[in-house]
1. May I ask you to list the residues in region 185-231 that are touching a Lys or Arg at 6+ places or on another chain (Cβ under 9 Å), polar (S, T, N, Q) and closer than 17 Å to Ile334 by Cβ?
2. Looking at region 297-320 only, could you name the residues that are open to solvent by 20 Å² or more (accessible area, probe 1.4 Å), outside any loop (DSSP other than H, G, I, E, B) and over 13 Å from Val217 (Cα atoms)?
3. Please pick out the residue among Arg400, Arg435 that is assigned to a loop (DSSP other than H, G, I, E, B) and surrounded by fewer than 21 Cβ atoms within 10 Å (Cβ to Cβ).
4. For region 336-348, indicate whether the set of residues that are under 23 Å from Ala165 (Cα atoms), at pLDDT 95 or above, part of a loop (DSSP other than H, G, I, E, B) and polar (S, T, N, Q) is non-empty.
5. Condition first: part of a loop (DSSP other than H, G, I, E, B), among the polar types (S, T, N, Q) and either touching a helix residue (DSSP H, G or I) at 6+ places or on another chain (Cβ under 8 Å) or surrounded by 15 or more Cβ atoms within 10 Å (Cβ to Cβ) (or both). Now tell me which residues in region 175-220 satisfy that.
6. Could you tell me which of the residues Glu326, Glu356 is modelled with pLDDT under 95 and either more than 21 Å from Glu108 (Cα to Cα) or in contact with a Lys or Arg (Cβ under 6 Å, 6 or more places away or on another chain) (or both)?
Amino acid sequence: MATERSSRRKTKMIHHPLVGILTSWSMLLLILACYYSCLPTSVQAFSSLHYSSPSTTTTTTHRRRTTTILDLRRPTTTTRLGATTDEIPSLYQEQEKLLVSRGEYEGELMKDTWVPLEPNQVKGAGAGGGFGGMGGNKGSKHKKKPLKQTSQTKSLWTAQAQAHAQTFRREGILRLDNVLSADTASALRDSLYQRRHESEALIQTGTLRPLDRFADVLLKTNRCDMPVPLLLLEEENDDSDDTDDTMQKKKKKNGKNIVAQALHEVLLSSPVGPLVDQVFATTTSSSTSTSSASPILYELSCLMSDPGSQRQVVHPDNPYLEGRDEPTLLTCFIALQDITLEMGPTTWLPQTHTAEMHQAFQNDAPPPQTDNDNDSPRRPLSEKDRLLATQPAVLGLLPRGSCGIYDSRLLHCGGANRHADRSRALFYVSFQNPRVGYPGNPPSILRELRDRRLTLRELQEDLQAYEKGQRTRYFG
């Protein structure tokens, strides 16, 4: 008996630790499984999504990010549960609903405050026009080609740039027509949409990540922001019976660099280049100008707004930097097709690029209610909403090849595209003040261009060499 009792005691001492460990792990796994099964399906799916980038929070508002809202880039791959992300509610989709609702509310506040943005006219440059005013798309009837750069035209554009710069500093926005020829604008549009379709196909197959070809954008449903390379060949139609390999060789041989052509027209064959220099006051004289003082290429991209895209909330691209009255960035939006009201043109609020306007815009708290407010059916507007409801606005009903040039601190927003089948494309380029460090927002530009920090003067020199058929550093 003693021997049997001793044997049982030994067996218990040997197996007790192992049984305890297994039991503990089993209970833990059971608890976790029960907890996970009780979660909503959307939460389970959300925990297994593959995001193209980590989540971030931001305190500045931009065409790519919005104030104090969790920024999760919308996933484009399928989840581990086998469902596509479009079928699963996400934090971004909830965020987007709130932004759409806010944008519609702001649209109601601003519906009676806008007029079309008119071309900025200077003395000796022709009659009519002016800043603002009811003029519609008069410029769309005049499909003039940009003038070729000569010593005479260069002097004219420099003189015009001084007058344009005064308007720019005062209003924060101005319109210039015919900075791109109609043919170049159309060819660039076709080439960029072709690149977009190819990029989307490569992303769909997993060959590329979304961030390899697209930047973040505010309200990304039916809207994208696609950085543009300096070398993009224009595709040429050919009805011959050549094989695919031969056709590809023909495209490379016969296609011209449409981006180089467009930038040449904008920066060397229009007042835009001299205006950029004039705004940042870097070219005081030929003897004192240096490459290091030249404005820096900060963005080169294309905004595409498809039918069904919603109205954005009003925002600046960059915050107002304390103690700096001079511009941080100058952005040039160039229409690649005539922009009608149905296509959701950009709305700008002139003279809102100041410290006072930014302070008012950030104050979205409603004022304290009074006894009189109890008798009113509507609550008093916040300082931000009063600004939107009363500040005059201009609408970018731009003809093809025309541009809106604005201070990146200016309040603005993209409109809702209600057109049946026409997408709105804006080719844009931004230049940074060489005396400013980080401007407060990440750029829409390819990584290799961002790292090069090309200056306006370097681009102009390379474009001149390209036009002469010489070997260039950046344009092939």
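The values are calculated or read from the model by the stated rules, or taken from the named source; none is laboratory data. Since the model is a prediction, treat every value here as computed from it, not as a measurement. Neighbour counts are summed over all protein chains in view; Cβ atoms, including those assigned to glycine, are modelled from backbone coordinates with ideal geometry. Quick note on the areas: whole protein, heavy atoms, side chains included, nothing else; ligands and nucleic acids left out. Shrake-Rupley method; radii C 1.70, N 1.55, O 1.52, S 1.80 Å.
1. Scanning region 185-231 gives a single hit, Ser186.
2. If the condition is that a residue be open to solvent by 20 Å² or more (accessible area, probe 1.4 Å), outside any loop (DSSP other than H, G, I, E, B) and over 13 Å from Val217 (Cα atoms), then Tyr298 is the only one that fits.
3. On the way: Arg400 fails: surrounded by fewer than 21 Cβ atoms within 10 Å (Cβ to Cβ).
Residue meeting the stated conditions: Arg435.
4. yes
5. Initially, region 175-220 is screened for residues part of a loop (DSSP other than H, G, I, E, B), giving 177-181, 205-209, 214, 216-220.
Checking which are among the polar types (S, T, N, Q) leaves us with 178, 181, 205, 207.
Hits for region 175-220 are Asn178, Ser181.
6. Within the list Glu326, Glu356, the selection yields Glu326.
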